[in-house]
Amino acid sequence: MNRLLLVVLAVLTLAFCACTPKSTDNLESLYFNIYNTKVHCKTCGNGDHTIVFVHGFGCNMKAWDYQLKDLCSDYRLVFIDLPGYGQSDKPHTDYTLDYFAKMVKSTTDSLGIDKAIFVGHSLGTPICRQICFNYPEKVSALCDVDGVYCFFPDDTIYTEAYQASLNDFANLFHGNDCKSNIMQFAKRLSCYNTHKEVCDYAVNTMPETPEYVAYSTMSNLIDHKYWTGRQITVPTLIFCTQNSDIPPDNYLKMGKLYTNMHYIELNDVGHFIMMENPKMFNEELQKWIERICMD
């Protein structure tokens, strides 16, 4: 009898593993027409809590493939290709943080999601922050994965110099050299022990961004109006890496932006933390969600 029970359990385990998708490629694509723009998304799982994943500049939903297997049994997962990226439309429009936030929010509305945990990587972090500001009723918690921040100085003279340096950076994504500059940018996002498949994803995916999308995204990202030091009060989990040249006082800077923060700083991964060390990332994310849901 015990042997029969073990056999049954083994069969059920194998069946579950066979049914568990290992990549977003294995999920059904959904398309929503939002403000005359086709937005591509995929969902998986049916847990009590919903996690919406927002990828970074030049990327697509496949940046979150390493989260799928570990999280889909406990949560409803939503993966979105931002407009301008992946399989979503790439309209000639102004790619502001407000625009991205509106499109992500409208996509979750189309999926019937009232409230969710938003997880943003790189550019995805300021997009998720803007969702917090513009649509606070949609956000139960926020996870920042090596997010992009602009820390404008208080002094006017230094602010002008800082803005000029940001403009120089944005201009790298403008003109005929855009693709080659994105390639070099992508190569700098890895560290000494970044896995080859992660490096390949970055250098093969990011340079495919259309020039008009890249420049509009970057030039709007650095707009001073988005970086006023406004605080976010929902529970926030922060993953960052020293290999992204974060400032020495990054913990203090983050503490001024988030009133309910759990902070994790790493030194052995590059920019794609969730891909480079998915076991650690997924475990920490799950522990944090369980903790904030009990508070």
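Read-outs throughout are calculated quantities, based only on the coordinates presented, and are distinct from any laboratory measurement. Just so it is clear, the structure is predicted and the values come from calculations on it, not from any experiment. Backbone-built Cβ (ideal geometry, glycine too); neighbour counts: all protein chains shown.
Annotations for the structure displayed:
- The C-beta contact set for the range 94-111 (first residue more than 18 Å from TYR31 (Cα to Cα), second residue small (Gly, Ala, Ser), distance under 9 angstrom, 6+ apart or interchain) comprises ASP94/SER216; TYR95/GLY84; TYR95/ALA214; TYR95/SER216; TYR95/SER219; THR96/SER216.
- Meets criteria (closer than 17 Å to ASN282 by Cα and part of a loop (DSSP other than H, G, I, E, B)) for ASP74: yes
- Scan the range 170-202 for residues that are under 20 Å from CYS150 (Cα atoms), assigned to a helix (DSSP H, G or I) and over 21 Å from the mean Cα position of the chain (by Cα) and the total you get is 1.
One line per residue, one yes/no per condition, for (1) assigned to a loop (DSSP other than H, G, I, E, B); (2) out of contact with any strand residue (DSSP E or B) (no Cβ under 6 Å at 6 or more places or on another chain); (3) in contact (Cβ under 8 Å) with a residue 24 or more places away in the chain; (4) over 27 Å from LEU68 (Cβ atoms):
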position: ARG230; (1), (2), (3), (4): yes, yes, yes, yes
position: VAL234; (1), (2), (3), (4): yes, no, yes, no
position: ILE238; (1), (2), (3), (4): no, no, yes, no
position: PRO247; (1), (2), (3), (4): yes, yes, yes, yes
position: LEU252; (1), (2), (3), (4): no, yes, no, yes
position: HIS262; (1), (2), (3), (4): no, no, yes, no
position: GLU265; (1), (2), (3), (4): no, no, yes, no
position: LEU285; (1), (2), (3), (4): no, yes, yes, no
position: ILE289; (1), (2), (3), (4): no, yes, yes, no
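- Residues in the range 131-167 that are β-branched (Val, Ile, Thr) and not in a helix (DSSP H, G or I) were compared, and the one that is farthest from LEU285 (Cα to Cα) is VAL148.
For every residue, the table says whether it meets (1) buried (at least 17 other Cβ atoms within 10 Å of the Cβ); (2) under 30 Å from ASP154 (Cβ atoms).
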{"residue": "MET218", "(1), (2)": "yes, yes"}
{"residue": "LEU221", "(1), (2)": "yes, yes"}
{"residue": "LYS225", "(1), (2)": "no, yes"}
{"residue": "PRO235", "(1), (2)": "yes, yes"}
{"residue": "SER244", "(1), (2)": "yes, yes"}
{"residue": "GLY255", "(1), (2)": "no, yes"}
{"residue": "ASN260", "(1), (2)": "no, yes"}
{"residue": "TYR263", "(1), (2)": "no, yes"}
{"residue": "ASP268", "(1), (2)": "no, no"}
